[in-house]
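Below: the structure, in structure tokens.
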Ligand code: SF4
């Protein structure tokens with residue numbers, strides 16, 4: 001069977017399966033493009049189950065695009081705390097402001113126009129326009145790449161942009177009129193049945209009769225992923241300094257990773273207790289006690305942090321450039337990003 005015929009043949013069973021079996025999720029009610037947009041950005045970095053609560057809280061706080069365009073940045077980052085990749089939240093606000101100014105407060109309908117908005121790439125543009133308006137454009141993410149490469153038994157490297165381009169082209173040629181259900185069906189199948197690791201549940205798959213990887217026994221070999229670049233590893237020591245019940249924090253740089261977020265004072269290597277004491281001496285701080293808060297390994301897309309944390313009860317702090325915040329303020333005002341969360345959790349105030 002030709003590849004195109006094979007893909008053409010999956011459209012009907014997939015749409016029927018999705019309409020019957022697709023999960024009921026908060027952002028799927030009503031097909032509101034604003035809701036789809038927010039959920040898709042959240043889903044880029046977090047699993048569906050975890051996104052549900054963040055999504056509900058976000059929409060409750062910011063029910064309209066206008067609310068998003070007008071929210072203060074720190075409140076927005078606080079609302080986004082726990083989801084990571086804070087630039088995505090900033091881009092949401094920028095895009096909302098652009099929608100207000102250029103599109104009279106209404107989300108543009110076509111994928112082509114959506115691509116002009118900050119933070120909206122091809123996948124998100126396709127997802128919004130197809131789900132909300134049934135525009136016949138594909139939305140190719142990792143799940144979709146896996147499913148389609150298995151259907152056609154392609155061993156091309158899914159980490160290569162060329163592979164994604166080819167799959168997008170192939171799907172464009174066979175998009176049915178129920179474009180939204182088709183795209184969501186592919187994503188849902190990838191989430192629930194055509195799983196990445198271990199064996200996919202082919203016996204439950206509505207596409208099993210059309211799947212070449214299943215026919216050839218290649219489901220465990222496909223998708224092919226050739227990892228070329230190694231992540232850069234960095235060491236950090238996180239010092240949670242406490243003085244009269246207040247905790248020292250500082251704002252990160254204006255640009256770069258975790259820009260403008262707050263962190264505990266951090267040293268760019270792993271220190272022993274002896275070295276921590278020397279560091280405190282350099283800062284002119286007398287410590288009552290030093291307690292190890294354990295270690296944490298944090299993985300970003302291009303780097304990894306090996307972190308160790310210490311809680312320090314200060315006896316005396318001379319001049320300092322840090323912000324001294326009450327514990328509640330760390331929850332309410334100052335967004336502390338994910339890599340620091342395990343240490344924040346372990347803080348013990350006396
Ligand atoms: S038959 Fe198996 S490998 Fe093929 S699409 Fe379905 S679950 Fe994936």
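The values are calculated or read from the model by the stated rules, or taken from the named source; none is laboratory data. Predicted model, so just to flag it, every value in this text is computed and none were measured. Quick reminder, even Gly has a Cβ in these numbers, built from the backbone with ideal geometry, and neighbours come from all protein chains shown.
When 199, 136 are screened for being within 15 Å of the ligand (Cβ to nearest atom) and either part of a loop (DSSP other than H, G, I, E, B) or assigned by TED's automatic domain parsing to the domain that holds residue 100 (or both), only 199 passes. For the residues 222, 247, the requirement of being in a loop (DSSP other than H, G, I, E, B) and in contact with a helix residue (DSSP H, G or I) (Cβ under 7 Å, 6 or more places away or on another chain) singles out 222. Of the residues making up segment 120-128, one or more are over 22 Å from residue 192 (Cα atoms) and surrounded by fewer than 16 Cβ atoms within 10 Å (Cβ to Cβ).
Here residue 328 fulfils each of the conditions (1) without any contact (Cβ under 8 Å) to a residue 24 or more places away in the chain; (2) part of a loop (DSSP other than H, G, I, E, B) apart from (2).
Within segment 143-183, being part of a loop (DSSP other than H, G, I, E, B) and either within 16 Å of the ligand (Cβ to nearest atom) or more than 25 Å from residue 21 (Cα to Cα) (or both) holds for 152, 153, 154, 155, 156, 158, 159, 160. Looking across segment 331-341, the residues that are surrounded by fewer than 17 Cβ atoms within 10 Å (Cβ to Cβ) and assigned to a helix (DSSP H, G or I) come down to 331, 332, 341.
Applying a threshold of 7 Å to beta carbon distances and a minimum spacing of six or more residues, or different chains, the list of pairs starting in segment 210-228 at a residue that is in contact (Cβ under 8 Å) with a residue 24 or more places away in the chain and ending at one that is surrounded by fewer than 12 Cβ atoms within 10 Å (Cβ to Cβ) reads 219/199. All of 274, 288, 316 fail the test of being without any contact (Cβ under 8 Å) to a residue 12 or more places away in the chain and over 35 Å from the mean Cα position of the chain (by Cα), apart from 274.
Determine if segment 113-125 includes at least one residue that is within 12 Å of the ligand (Cβ to nearest atom), in the same structural domain as residue 45 (by TED's automatic domain parsing), in a loop (DSSP other than H, G, I, E, B) and without any contact (Cβ under 8 Å) to a residue 60 or more places away in the chain. No, segment 113-125 contains no residue that is within 12 Å of the ligand (Cβ to nearest atom), in the same structural domain as residue 45 (by TED's automatic domain parsing), in a loop (DSSP other than H, G, I, E, B) and without any contact (Cβ under 8 Å) to a residue 60 or more places away in the chain.
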